Amino acid sequence: MNEVNRFGLRRRPESSVRRTIRKNSGFGCVVCGLAIGDYEHVDPTYVDAEIHDPNCMTFLCIRCHGKVTRGQLSKESVKDAMREPAAFKAGFSFEALDVGSSAPTIHIGPMSVKNCESIISVNSRPVLWIHPPEEAGGPVRIGAEIRNEHGELVFSIVDNEWRVQKESWDVEVIGKTTTIRNGPREIALVIRTEPPGDLYIDRMDMSIEGYRFWIDSGNLYIRRPDGQTDSVQRFDFVDCTAAIVAVNNTLIFGTGGGRVSFSLAGKGRTSRVIDTSRRRNSVCACGSGKRFKHCCGAF
């Protein structure tokens with residue numbers, strides 16, 4: 001943005017000032033808590049500002065910014081909200097996902113999941129899931145609890161409303177992409193939406209109950225509590241009850257029916273397509289002679 005005022009000050013603050021404003025605002029509009037918005041000079045206003053002073057600026061969503069512009073929301077009310085931002089009261093900022101009545105495709109690095117109720121669970125603890133609509137014609141309901149490499153909750157989805165924690169080091173929303181950082185150049189999570197059909201997790205580094213999940217160079221890596229690491233180059237789940245189940249130092253991919261195609265990296269790994277409706281104790285279809293739960297059903 002090249003707009004400048006009479007003092008030669010550009011409209012958009014530098015990155016360090018933007019992060020300070022986001023942090024001071026709880027990563028959401030100070031008035032209502034919505035996570036998508038822009039930076040606002042409060043006092044002085046932009047036309048009279050000589051510098052970008054984060055103590056004189058705040059973060060407002062488009063709706064609240066419009067109210068200020070139209071005179072429906074006073075500067076005094078905005079200043080009151082700056083002293084006690086909405087996200088600090090609630091503990092998080094939020095935004096609604098645009099979700100249709102049919103299940104979206106969830107992309108986690110090289111993995112895609114369609115029509116699976118449980119996407120990731122760890123020791124019976126849900127991490128990412130999709131529930132059916134509450135009533136006919138309503139939207140499906142996405143839920144998530146995503147943590148960083150330290151096991152701290154950084155991002156959650158509650159019935160299609162995504163939330164970021166006010167304690168985060170930085171949260172930045174640009175267009176369809178939300179980036180959460182633990183520190184300078186330390187990205188914890190990058191989530192991108194392509195409504196209404198797709199949700200992408202492009203970057204992730206999450207630790208939970210001894211397991212670590214991270215995305216690097218297009219691969220999804222999963223390290224178990226015993227230190228063994230699996231590298232997933234491609235995984236496609238369709239119509240399964242559960243996509244990834246991590247339990248008792250074991251990874252189970254695709255249960256409860258449906259179809260799974262995958263490619264695992266490393267010596268001895270291969271690409272396969274399997275029908276996950278096969279019972280866990282039946283002989284695996286790959287021809288190994290082993291039971292399914294000890295072969296393609298577990299890694």
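The values are calculated or read from the model by the stated rules, or taken from the named source; none is laboratory data. Nothing here was measured: the structure is a model prediction, and the numbers come from that model. No Cβ is skipped: glycine too gets one built from the backbone with ideal geometry, and neighbour counts run over all protein chains shown.
Given (1) farther than 30 Å from Asp159 by Cβ; (2) assigned by TED's automatic domain parsing to the domain that holds Leu153, identify the lone condition not met by Thr105.
Only one criterion in (1) farther than 30 Å from Asp159 by Cβ; (2) assigned by TED's automatic domain parsing to the domain that holds Leu153 is unmet by Thr105, namely (1).
Looking for something farther than 20 Å from Ile108 by Cα and either at pLDDT 90 or above or part of a strand (DSSP E or B) (or both) - is there at least one such residue anywhere in region 242-253? Talk me through it step by step, then tell me what you get.
In the first step, residues of region 242-253 are kept if they are farther than 20 Å from Ile108 by Cα; the result is 248-249.
When the remaining residues are screened for being either at pLDDT 90 or above or part of a strand (DSSP E or B) (or both), the result is 248-249.
Yes, region 242-253 contains at least one residue that is farther than 20 Å from Ile108 by Cα and either at pLDDT 90 or above or part of a strand (DSSP E or B) (or both).
Answer yes if at least one residue in region 89-102 is more than 30 Å from Asp216 (Cα to Cα), out of contact with any helix residue (DSSP H, G or I) (no Cβ under 6 Å at 6 or more places or on another chain) and outside any loop (DSSP other than H, G, I, E, B), and no otherwise.
So far as region 89-102 goes, yes, one or more of its residues are more than 30 Å from Asp216 (Cα to Cα), out of contact with any helix residue (DSSP H, G or I) (no Cβ under 6 Å at 6 or more places or on another chain) and outside any loop (DSSP other than H, G, I, E, B).
Exactly one condition in (1) under 20 Å from Thr250 (Cβ atoms); (2) crowded, with 20+ Cβ neighbours inside 10 Å; (3) in contact with a Lys or Arg (Cβ under 7 Å, 6 or more places away or on another chain); (4) not polar (S, T, N, Q) is not met by Leu128; state its number.
Only one criterion is unmet by Leu128, namely (3).
Can you pull out the residues in region 38-53 that are within 21 Å of Gly28 (Cβ to Cβ), part of a loop (DSSP other than H, G, I, E, B) and of a type outside the set (Asp, Glu)?
Within region 38-53, Val42, His52 qualify.
Restricting to region 182-225, count the residues that are in contact (Cβ under 8 Å) with a residue 40 or more places away in the chain, farther than 25 Å from Asn115 by Cβ and either touching a strand residue (DSSP E or B) at 6+ places or on another chain (Cβ under 6 Å) or of a type in the set (A, V, I, L, M) (or both). If you could, list the steps in order and put the result at the bottom.
Let us first name the residues in region 182-225 that are in contact (Cβ under 8 Å) with a residue 40 or more places away in the chain, namely 188-189, 193, 195-202, 204-209, 211-215, 218-220.
When the remaining residues are screened for being farther than 25 Å from Asn115 by Cβ, the result is 188, 205, 207, 209, 212, 214.
Subsequent filtering for residues that are either touching a strand residue (DSSP E or B) at 6+ places or on another chain (Cβ under 6 Å) or of a type in the set (A, V, I, L, M) (or both) retains 188, 205, 209, 212, 214.
Qualifying residue count for the region: 5.
Are there any pairs with C-beta distances below 6 angstrom linking a residue in region 33-51 that is on the phi < 0 side of the Ramachandran plot to a residue that is hydroxyl-bearing (Ser, Thr, Tyr), with the two at least 6 apart or on different chains, and if so which?
Partner pairs satisfying both residue conditions: Ala35/Ser93; Glu40/Thr58; Val42/Thr58.
With the condition kept exactly as written, say whether any residue in region 72-87 is touching a Cys at 6+ places or on another chain (Cβ under 7 Å) and acidic (Asp, Glu). Full working, then the answer.
Filtering region 72-87 down to residues touching a Cys at 6+ places or on another chain (Cβ under 7 Å) leaves 73, 86.
Right, trim to acidic (Asp, Glu) and you get none.
No, region 72-87 contains no residue that is touching a Cys at 6+ places or on another chain (Cβ under 7 Å) and acidic (Asp, Glu).
Which of (1) within 30 Å of Ile215 (Cα to Cα); (2) modelled with pLDDT of 95 or more; (3) in a helix (DSSP H, G or I) does Val127 not meet, given it meets every other one?
That leaves (3) as the condition not met.
What's the number of the condition Thr69 fails, among (1) of a type in the set (Val, Ile, Thr); (2) under 18 Å from the mean Cα position of the chain (by Cα); (3) surrounded by fewer than 16 Cβ atoms within 10 Å (Cβ to Cβ)?
Failed condition: (2).
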